[in-house]
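Right, one structure below, let's go through it.
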Amino acid sequence: MSARLHVRKGDMVIVVRGKDKGKRGKVLRAMPRQGRVVVEGVNMVKKHMRPTRQMMQGGIIEKEAPLHASKVMLYCTRCNRATRVAKKILEGGNKVRICRKCGEVLDR
């Protein structure tokens, strides 16, 4: 499998398929080798935790589980919708990602 993703940590994305379709969130973690991403508030699962020194009281916690990167698209805040990514080289030689629909620079 390819070790490149179209999204990075910190990107705002929208889920386009699955049980969480339509939800938006920030990418907390990108796992290029597995082709998966962890998105804030999306694909929540319950995990049974045993008591440890860090968490004295065990119990059931809710946390985000990874989902496949093909199920998310980059979200453009300017045109308020999902977009594909285009690459553009600026004057200084820097490569940036831009919105295909409105041309907004998506890199921070």
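Every read-out reported here was derived from the displayed coordinates using simple, explicitly stated rules and does not represent laboratory data. Keep in mind the model is a prediction, meaning the values are calculated, not measured. Cβ: placed from backbone, ideal geometry, glycine included. Neighbour counts: every protein chain shown.
Some points to look at:
- Relative exposure of His68, His48, judged by other C-beta atoms within 10 Å (fewest first): His48, His68
- Over 32 Å (Cα to Cα) - which of Lys71/Lys95; Lys63/Lys95; Lys9/Lys47; Lys19/Lys95 fall in this group: Lys63/Lys95; Lys19/Lys95
- Each residue of the stretch 37-50 was assigned a 3J(HN,Hα) from its phi angle through the Karplus curve 6.51 cos²θ - 1.76 cosθ + 1.60 (θ = phi - 60°); the sequence is 9, 10, 10, 4, x, 10, 6, 6, 10, 9, 10, 7, 10, 8 Hz, with glycine and proline shown as x.
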